[in-house]
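Below is one structure; the comments refer to it alone.
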Amino acid sequence: MRRLSALTLALAFAELSSSHFAHAAGLYFTDRGVRPLSRGGAFVAGADDLGAVWYNPAGVAEAPREVLIDASWLAYSTTFSRETLARQSDGTESVYKHGTVNGTTPFLPIPTLAASFPLDAKANWVAAFSLVAPYTAISSYPLTDNGGRPSGSRFLLVSLDGSALVAPAFTVAWKNERFRVGLQANVLTGTFASKVVFSGNPEQNVLGAAEAPQYDALSTMKVGPVIAPGVQVGAQAILTSEWRLGATFSYQAPLDSDATIDVQLPTAAFFDRAKQVGNEAHVKFNLPMIARLGVEYRPNPDTRVELAYVREFWSSHDRIDITPRNLAIQGITGLNGIDEPFKVQSISLPRGFQDSNSVRLGGEYRLPKSVAPTPLTIRAGLAWESSAVPKEYLSPLTVDLDKVVVSLGAGLQVIPRLRLDANLSYVFTPETYVDPREAKVPRVAPVTGNPTDTQAVNGGSYAVNAFVLGAGCRYTWE
């Protein structure tokens, strides 16, 4: 029993390494950018300012002398009501309902910074530098539920505070009367700083999946620097004065990064003399390729409507590989050879993600001067997106549900060279229930050499409330 406790705790280190990167699988909660998101993310064929650096690099050719600055706040909260499947010694099953917990995110504006300049006298060739951050939810959950009991979410996520990702990029675009083509090189970089609780409880198949609080270990992991290079190619075709087509394809290299893990060991007597030895690990997993296709209709100079389709190939994210380095636990009571550290072995955690599909419809209309003496453009958009996370793999760390995004926005041309933009988007998601009999996110990895069923800890009900509020400006010069 005591030796099993040591093995369980050691393998929980590896589980900790894997679980936090599930957040990268739900990396972008919505598409981004104040003007593009005002159009529901339908900004592939009609991209014609520096918002194109995220959606279609070919659109940079339409913005040869421009600076774009904007920022958005992703207000994101979740509710998780966990359920656990308990099996009795006679084989009967019952469902135990844990208390409800609420996940929140801080007020953290997410920026866009971009500037472009022509490469030739006629501005047929244009280059741009940009720095953008994905719209990622930095969630935190309490250590106790609404009833004051140990939180049912603590084994999946406590906090991602301190995490930051940015994507610097360099784009080159070319145009003639009928075509625009763009090529972009980028790097997804930054750090993850995250906290989670795992259990060193040696008991198996008991109510709550070995969740006695005295075996809780609050753990902090820092990952980085994350460096994942990528490339995006895009094109636009002007078919007539009214119709335009656009298409892009992007590839991101696998995320392959070092990590450090530090643990507050449990208060149970087994761990009175225990200590952590070393804290290094390495994590690797695949990020998706993304394809976008759009068609825009411009019946007159003041009106634009675009329909776009996006497919994200998350099925490539089939597992997370974790390779601990000098990571071990020493001095656990009852473990043979107390003075010898128990080294954590490499594991591979199955993920089972699926490709995601999205359809976006959006547009903009410039009000006539009789209504708005200062040029004012009204924008609106509607998007539907399927989840990349199969229901059985949902967890507080990856609450990626089917969603509908409704957006409204405006652009005010205060002077000929300066435009001010604003956006409000609301995200509708269905409340989703994961039957604990179907849940597949484990508490810990199986004991090496002695496989056992590890009870899943992600069963229960999930609900999300989210909106995006953004503002920005664009300045052009000759």
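Counting only C-alpha contacts under 8 Å and six or more residues apart, can you give the relative contact order of the chain as a whole percent? The normalised contact order for the chain reaches 20 percent. Overall dimensions of the chain, expressed as equivalent-ellipsoid semi-axes from the Cα gyration tensor (√(5λ), whole Å, largest first), are 48, 23, 18.
For region 44-155, the average shadow cast by the Cα convex hull is 11.1 nm², which is a quarter of the hull's surface. Residues in region 176-190 carry Karplus couplings, in order, of 9, 5, 10, 9, 10, 9, x, 9, 10, 10, 9, 9, 7, 9, x Hz; the curve used is 6.51 cos²θ - 1.76 cosθ + 1.60 with θ = phi - 60°, and Gly or Pro positions show x.
The order of the peptides 186-198, 121-133, 402-414 by mean Cβ neighbours within 10 Å, most packed first, is 186-198, 402-414, 121-133.
Per-residue packing, averaged as other Cβ atoms within 10 Å, sorts the ranges 293-305, 65-77, 36-48 into the order 36-48, 65-77, 293-305, beginning with the highest. Each residue, Cys473 and Leu418, gets one label point 7 Å from its Cα in the Cβ direction; the gap between the two is 0.4 nm.
Applying 0.36 nm per residue to the separation of Phe170 and Leu408 and subtracting their alpha-carbon distance, the gain on full extension is 82.7 nm. Only helices enter the 222 nm calculation for the chain: every DSSP H run of n ≥ 4 contributes -39,500 (n - 2.57), and dividing by all residues gives -2000 deg cm²/dmol, rounded to 500. Put in order of Cβ neighbour count within 10 Å, fewest first, the listed residues Thr144, Thr78 become Thr144, Thr78.
With the cut-off at 1.5 for a/c, could you classify region 349-478 from its C-alpha gyration tensor as rounded, prolate or oblate?
Prolate is the answer for region 349-478, as a/c is 1.5 or above and a/b outweighs b/c.
If one takes the longest principal axis of the Cα atoms in the chain, at what angle in degrees, from 0 to 90 and to the nearest 10, does the Cα axis of helix 2-20 lie? Here the helix axis deviates by roughly 0 degrees. Volume of the convex hull of region 180-301 (Cα atoms only), normalised per residue: 178 Å³. Label zone of Val95 (point 7 Å out along Cα→Cβ, amide N under 20 Å): in region 375-391 this covers 390-391. Taking the convex hull of the alpha carbon positions in region 346-409 and averaging its projected area over all directions gives 6.9 nm². Note on Arg149 and Glu392: the extension gain reaches 85.0 nm, defined as 0.36 nm multiplied by sequence separation minus the Cα-Cα distance.
Here, each number is a calculation from the coordinates, and none is a lab measurement. All values derive from a computational prediction rather than experimental measurement. Here the Cβ is made from the backbone with ideal geometry for all residues, glycine too, and neighbour counts use every protein chain on show.
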